[in-house]
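Reading through the structure tokens given below for one structure.
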Amino acid sequence: MDTKTPTYEIYKTLMIEIKIRLTKTENILLLDIPMTGLTSFDAEFSFLQIRKIIELIVFSAVLRDENRYKKLRELQKIENPKDHGDYSKDWQAAVILKQLSEISPHFLPIPIKNISSSQQGSFQVNRSDVAVTHGRLIEIYNQCGGYMHIKNPLGKDFVKQTNLERSKYEAATANAKKSLNFIKSLIWHHAAISLEWSDDLNPRELANPNKAWLVDFGQNNDHNIQMILAEAI
């Protein structure tokens, strides 16, 4: 990434976008009368936003360990010549999540209950008991994809597939709420950790954390978030 903007400022911008998408989607899902006039259309909009939120979470994780991820993709190009190996062209969140799991045990946001100041410049962080895995995010991401496309009426078993689609839409709002609540529990108060890196290291080898950003999304009704920047000593 060729930019003079500090990485944490870019990360903060991505978090603000997540907050806006999340709160607007949450508002729509809580409406008694569908905003679009059709519950199914509201659900489709919500799943689109959830999918975009997951993509924002994924790209923010790449941002934190950009050089490590870049080196991994270069190695994967050597291992598999059919792989383009250019990390700046990666786009599929589910694939990126699996690749991130190769380079860091801390690539996902770490949900926390609260942050308290114990003394000047020192903070106590209490971790949440929310269980987070990249598999769960991939599951939600793929679920969202199931609402992004129209079934081909010329395909086999179209009537059967139509009935399955009808059943899926009956549960769509409840499933969207469940997925959104999970993501909110993951991201609303979280720690974002990056690892030590130098160009001579193997990106798959475990390294010590060297930075932690503590993030608090605050109130639902504004577009502000708070971040505390910490470095290992």
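Brief remarks on what is shown
- Some residue of the stretch 133-145 being modelled with pLDDT under 95, surrounded by 14 or more Cβ atoms within 10 Å (Cβ to Cβ) and among the hydroxyl-bearing types (S, T, Y): no
- The one condition in (1) of a type outside the set (G, A, S); (2) exposed (fewer than 15 other Cβ atoms within 10 Å of the Cβ); (3) assigned to a loop (DSSP other than H, G, I, E, B) that V159 fails to fulfil: (3)
- Checklist (1) touching a residue at least 60 places away in the same chain (Cβ under 8 Å); (2) closer than 20 Å to R136 by Cα applied to K52, failing item: (1)
- Complete set of residues in the stretch 1-32 that are crowded, with 18+ Cβ neighbours inside 10 Å and either among the aromatic types (F, W, Y) or modelled with pLDDT under 95 (or both): Y11
- The residues of the stretch 33-62 that are closer than 16 Å to A171 by Cβ and buried (at least 19 other Cβ atoms within 10 Å of the Cβ), listed by number, are D42, A43, S46, F47, I50.
- Selection from the stretch 7-62 of residues that are in contact with a helix residue (DSSP H, G or I) (Cβ under 7 Å, 6 or more places away or on another chain) and not in a helix (DSSP H, G or I): P34, M35, T36
- Of the criteria (1) small (G, A, S); (2) outside any helix (DSSP H, G or I); (3) under 22 Å from the mean Cα position of the chain (by Cα), which one A174 fails: (2)
- Filter result for Q92 (under 22 Å from I16 (Cα atoms), polar (S, T, N, Q) and either surrounded by fewer than 17 Cβ atoms within 10 Å (Cβ to Cβ) or free of Cβ contacts under 8 Å to residues at least 12 places away in the same chain (or both)): yes
The values are calculated or read from the model by the stated rules, or taken from the named source; none is laboratory data. Being a predicted model, the structure only gives us computed values, none of them experimental. Reconstructed Cβ throughout: ideal geometry from the backbone, glycine too, with neighbour counts over all protein chains shown.
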